[in-house]
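Participant: My structure is below; once you've seen it, I'll send some questions.
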Amino acid sequence: MIQSIILGLLQGLTEFLPVSSSAHLALAQAFFGFSEPMLTFDIALHFATMIATMIYFREDLVNLGGQWFSGLVRPDSRKTPGWNIGWAMIAGTAITVALALPLKPLVERLSTSVFAGGVALLVTGGILCLASSMAPRTGAVRLFNALPMGLAQGLAVIPGISRSGATIVAGMISGLSPQEAFRLSFLMSLPAVLGATILELKDVSSAAMPSGWLVGMVASGVSGYFALKVLHKVVTLGRWRGFALYCVAVGLIAMFIGR
């Protein structure tokens with residue numbers, strides 16, 4: 001049970017903070033002596049953090065979702081933020097799926113390599129360094145923002161590439177304000193995580209579950225919720241550099257361990 005709690009806390013914190021949960025879980029599972037990734041448990045932890053995301057953004061999901069559905073029947077509602085964000089979520093998810101599915105065989109191979117995860121963490125560190133040097137933008141969400149953010153989310157299936165970091169930075173590069181990039185990044189993650197969960201469940205079995213897995217899911221969801229609060233402040237204040245240095249340090253350690 002202690003292992004489940006530790007892995008759950010690790011997943012919750014690293015899923016949202018820009019340091020890559022997949023790389024940290026791989027390192028932790030290697031530390032605990034698991035011979036191969038516990039895919040079923042990983043999926044359960046991702047599902048828990050998805051629930052945490054829905055709770056955190058519950059007002060946006062209700063308000064923006066209502067605006068988008070209203071826009072389907074009322075032309076005047078198509079000038080609302082929800083209309084643009086809804087279509088950006090749909091387009092971004094489609095781009096993610098188109099990129100991520102062909103990468104699945106590669107991702108499965110890389111997920112067993114601690115060295116590869118370390119290299120990818122160095123890439124994440126570089127992305128975060130870029131974010132720390134960017135001047136804040138002020139743009140609102142438009143459909144074209146879905147292209148770079150969808151591509152970033154698709155590439156983030158590679159273990160070690162931070163989904164939150166890559167998508168938020170891609171959104172800011174495309175002109176979004178940090179707050180809008182933060183919101184769209186996590187709203188866009190919901191259909192992607194749900195789809196990945198459904199897709200992977202057919203290939204897994206309960207035998208891959210450690211004891212105390214339910215407690216691990218709770219730990220993942222609770223820690224993830226508070227990690228979202230921390231990341232919101234990081235994005236708003238532009239405090240990326242510490243996370244960049246952390247990713248570089250952990251990446252170098254992983255490369256040394258996995259060489």
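Participant: In the range 155-177, which residues are surrounded by fewer than 22 Cβ atoms within 10 Å (Cβ to Cβ) and assigned to a helix (DSSP H, G or I)?
Facilitator: Leu155, Ile173
Participant: Take the range 162-172 and flag every residue that is modelled with pLDDT under 95 and among the β-branched types (Val, Ile, Thr).
Facilitator: Result: no residue meets the conditions.
Participant: Could you grab me the full set of residues in the range 69-99 that are of a type in the set (A, V, I, L, M, F, W, C) and closer than 28 Å to Val157 by Cα?
Facilitator: Selection gives Trp83, Ile85, Trp87, Ala88, Met89, Ile90, Ala91, Ala94, Ile95, Val97, Ala98, Leu99.
Participant: Quick test for you: out of Ser185, Ser113, Ser162, pick the one residue that is over 18 Å from the mean Cα position of the chain (by Cα) and of a type in the set (Gly, Ala, Ser).
Facilitator: Ser113
Participant: Identify, from the list Leu106, Leu128, Leu61, Leu101, the residue that is more than 29 Å from Leu199 (Cα to Cα), part of a helix (DSSP H, G or I) and either touching a Phe, Trp or Tyr at 6+ places or on another chain (Cβ under 8 Å) or open to solvent by 50 Å² or more (accessible area, probe 1.4 Å) (or both).
Facilitator: Step by step, each of Leu106, Leu128, Leu61, Leu101 is checked, and only Leu128 is more than 29 Å from Leu199 (Cα to Cα), part of a helix (DSSP H, G or I) and either touching a Phe, Trp or Tyr at 6+ places or on another chain (Cβ under 8 Å) or open to solvent by 50 Å² or more (accessible area, probe 1.4 Å) (or both).
Participant: Which residue pairs have Cβ atoms closer than 9 Å, lie 6 or more positions apart in sequence or on different chains, and pair a first residue in the range 99-121 that is free of Cβ contacts under 8 Å to residues at least 12 places away in the same chain with a second residue that is surrounded by 15 or more Cβ atoms within 10 Å (Cβ to Cβ) and assigned to a helix (DSSP H, G or I)?
Facilitator: Qualifying pairs under 9 Å: Leu101/Gly154; Arg109/Ala116.
Participant: Looking only at the range 138-163, which residues are touching a helix residue (DSSP H, G or I) at 6+ places or on another chain (Cβ under 6 Å) and closer than 15 Å to Gly238 by Cβ?
Facilitator: Answer for the range 138-163, where residues must be touching a helix residue (DSSP H, G or I) at 6+ places or on another chain (Cβ under 6 Å) and closer than 15 Å to Gly238 by Cβ: there is none.
Participant: Anything in the range 179-216 that is aliphatic (A, V, I, L, M), at pLDDT 90 or above and surrounded by 22 or more Cβ atoms within 10 Å (Cβ to Cβ)? List them, or say none.
Facilitator: Ala181, Leu184, Leu187, Met188
Participant: Just give me the residues in the range 64-96 being open to solvent by less than 70 Å² (accessible area, probe 1.4 Å) and under 21 Å from Arg163 (Cβ atoms), in sequence order.
Facilitator: If the condition is that a residue be open to solvent by less than 70 Å² (accessible area, probe 1.4 Å) and under 21 Å from Arg163 (Cβ atoms), then Leu64, Ile85, Gly86, Ala88, Met89, Ala91, Gly92, Thr93, Ala94, Ile95, Thr96 are the ones that fit.
The values are calculated or read from the model by the stated rules, or taken from the named source; none is laboratory data. Every value quoted in this text rests on a predicted model; they were computed, and no experiment measured them. A quick note on method: Cβ atoms are made from the backbone with ideal geometry, for glycine too, and the neighbour counts reach across all protein chains shown. When the accessible area is computed, the model is the full protein with side chains, heavy atoms only, and any ligands, DNA or RNA have been set aside. Shrake-Rupley method; radii C 1.70, N 1.55, O 1.52, S 1.80 Å.
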